[in-house]
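**Student:** Have a look at this one.
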Amino acid sequence: MLEQRPLGRTGRTIPAIGLGCVTFGREIDQDASFRILDYAVERGITFLDTAEAYGGGQARTYRKSVLGVDDVREVSGEMSSSERILGRWLRARGGRAGVTICTKVSTGGRPENIGRALAGSLERLGLDAVDVYKMHSPDPKTPIDETLAALDAEVRAARIGVIGCSNYSAAELRQALEASRARGYTRFEITQPSYSLAAREAEAELFPLCRAEQVAVTAYSPIAAGFLAGKYTPDRTRLPEGSRFHVIPGHVDVFFSERNFRVVERLRAKAARLDLPMVRLALAWAMTHPDVTAVLVGARTTDHIDNALAARDMRLEPELRAEMSAWD
């Protein structure tokens, strides 16, 4: 079984690998999602991460509204398909025993919206309460005190176990922690940054803050949404059909850079010399940062789960990690 790590200062624990459920209903259908869930949980990956915004319907709406592209690239057009499929799996398997469910409010931190969004997520998941509830991103239009007051009320009402945030900078997380201390609110015990060889911004300030404050870090996109698999070229018009970048083209702007393509080629060469898959080596690098509590891995097949477990078992040597960290 996977090593258990502290979930902030709560006394709870989570496994060193979590399952990102963003693919459900977007890149894989319900049957495949059920297979992934069963396979992951049987192997100790019991932290299941979703969000109200994860859905085939949302991806399709995004392309139409942001890119002006009205086409079908998802396996379904169901809105919030990730939460819905996870809820159906929970009902089919007879409950949530042994798993930790994390979902996020993606539509803003206004107090009235917190209650509305949480109620929607609980209904889709078929739950009376969720273990972990995160702000999906900062809401600059709403004072953090107001957001925290609403989240604190939901914790006291036992509809949320632990609160946290995703995509917050160190300054934003620090502000939230200070507001909780000052007003006696439940604090953020967990944060979810992007972290990979292609996205290392969290190392400079966020990770040291989390270490000092004992905030758990569940890093997402440890292989940069598949970018570090080495299947992309700088030609933005030739994205593999069905890939994460094809379904959500916004990933191109995040990860396509001269520096990142250089890193991919160094990763390719090093993996070849070590006779390892590129993805496994990239995963092992992200997993072995001492401030990372758990990495979240998305999966379309059970092989992706196996690769994550194999990466965890590698126990990447400090010298190799330091060499990879120097790539630029």
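**Student:** Which value, in Å², gives the accessible area per residue of the stretch 1-157 when a 1.4 Å probe is used on the protein heavy atoms?
**Tutor:** In whole numbers, the stretch 1-157 has 41 Å² accessible per residue.
**Student:** Can you give the convex hull volume of the alpha carbon atoms of the stretch 184-328 per residue, in Å³?
**Tutor:** With only Cα atoms used, the stretch 184-328 gives 132 Å³ per residue.
**Student:** What is the set of long-range amide H partners of residue 190 at a cut-off below 5 Å, with H atoms built 1.01 Å from backbone N?
**Tutor:** It is 165, 216, by chain and number.
**Student:** Using a cut-off of 14 Å between beta-carbons, work out the net charge of the residues near residue 110 (Lys and Arg +1, Asp and Glu -1, residue 110 not included).
**Tutor:** Neighbourhood net charge equals -3.
**Student:** Report the Cα-based extents of the stretch 190-262 along its three principal axes, largest first, to the nearest Å.
**Tutor:** Result for the stretch 190-262: principal-axis Cα extents of 44, 23, 17 Å.
**Student:** Amide H neighbours of residue 78 under 5 Å, counting only residues 5+ apart in sequence or on other chains, H built in-plane at 1.01 Å?
**Tutor:** For residue 78, the qualifying residues are 56, 57.
**Student:** Still on this model: Within the stretch 114-176, what whole-number % of the accessible surface is contributed by carbon and sulfur, with the 1.4 Å probe and all protein chains included in the calculation?
**Tutor:** Reported share for carbon and sulfur atoms: 49 percent.
**Student:** What's the long-distance tail for the stretch 63-148, i.e. % of Cα pairs beyond 16 Å?
**Tutor:** Every Cα pair in the stretch 63-148 considered, those over 16 Å come to 61 percent.
**Student:** Now a separate question. Check the straight Cα-Cα distances from residue 270 and name the aspartates and glutamates below 15 Å, setting aside those fewer than 8 residues away within the same chain.
**Tutor:** Within reach: 317, 319, 323, 328.
**Student:** Still on this structure, please answer the following. Counting residues in the stretch 123-170 as N, plug N into 2.2 N^0.38 Å and put the Cα Rg over that result.
**Tutor:** Ratio of Cα Rg to 2.2 N^0.38 Å: 1.21.
**Student:** While we're on this one: Output ³J(HN,Hα) for the stretch 224-232: one whole-Hz value per residue in order, computed from phi by the Karplus curve 6.51 cos²θ - 1.76 cosθ + 1.60 with θ = phi - 60°, and x for Gly and Pro.
**Tutor:** 6, 6, x, 4, 6, 6, x, 9, 9
**Student:** Gap in Å between the Cα centre of the stretch 304-328 and the Cα centre of the stretch 1-51?
**Tutor:** That distance is 20 Å.
**Student:** Pull out a ≥ b ≥ c, the square roots of the eigenvalues of the alpha-carbon gyration tensor of the chain, then state rounded if a/c is under 1.5, prolate if not and a/b is larger than b/c, and oblate in the remaining case.
**Tutor:** rounded
**Student:** Search the structure for amide H atoms under 5 Å from the amide H of residue 14, placed 1.01 Å from N in the peptide plane, and list their residues when 5 or more places away or on another chain.
**Tutor:** 5, 7
**Student:** Per DSSP H run of at least 4 residues, take -39500 (n - 2.57); add these up for the chain, divide by its residues and hand me the 222 nm value, nearest 500 deg cm²/dmol.
**Tutor:** -13000 deg cm²/dmol
**Student:** Find me the longest stretch of the chain that has none of the exposed GluC sites (Glu not before Pro), where exposed means in a DSSP loop (not H, G, I, E or B) with at most 14 other Cβ atoms within 10 Å.
**Tutor:** 4-204
**Student:** Once phi is turned into θ = phi - 60°, what whole-Hz ³J(HN,Hα) does the Karplus curve with 6.51, -1.76 and 1.60 give for every residue of the stretch 175-191, x standing for Gly and Pro?
**Tutor:** Going residue by residue, I get 4, 5, 5, 5, 5, 5, 5, 5, 10, x, 7, 4, 9, 5, 9, 8, 9 Hz, with x marking Gly and Pro.
**Student:** Where the centroid of each part is defined by its Cα atoms, how far is the stretch 209-237 from the stretch 178-202 in Å?
**Tutor:** Computed from Cα coordinates, the inter-centre distance equals 16 Å.
**Student:** Take the Cα pairs of the stretch 242-313, get the Kirkwood Rh, then feed it into Stokes-Einstein at 37 °C and 0.692 mPa s and tell me D in µm²/s.
**Tutor:** 239 µm²/s
The values are calculated or read from the model by the stated rules, or taken from the named source; none is laboratory data. Here the structure is a predicted model, which means the values were calculated and not measured. For neighbour counting, all protein chains shown are included, and Cβ atoms are generated from backbone atoms with ideal geometry for every residue, glycine included. Please note that ligands, DNA and RNA were not included when accessible areas were found on the heavy atoms of the full protein model with its side chains. Shrake-Rupley method; radii C 1.70, N 1.55, O 1.52, S 1.80 Å.
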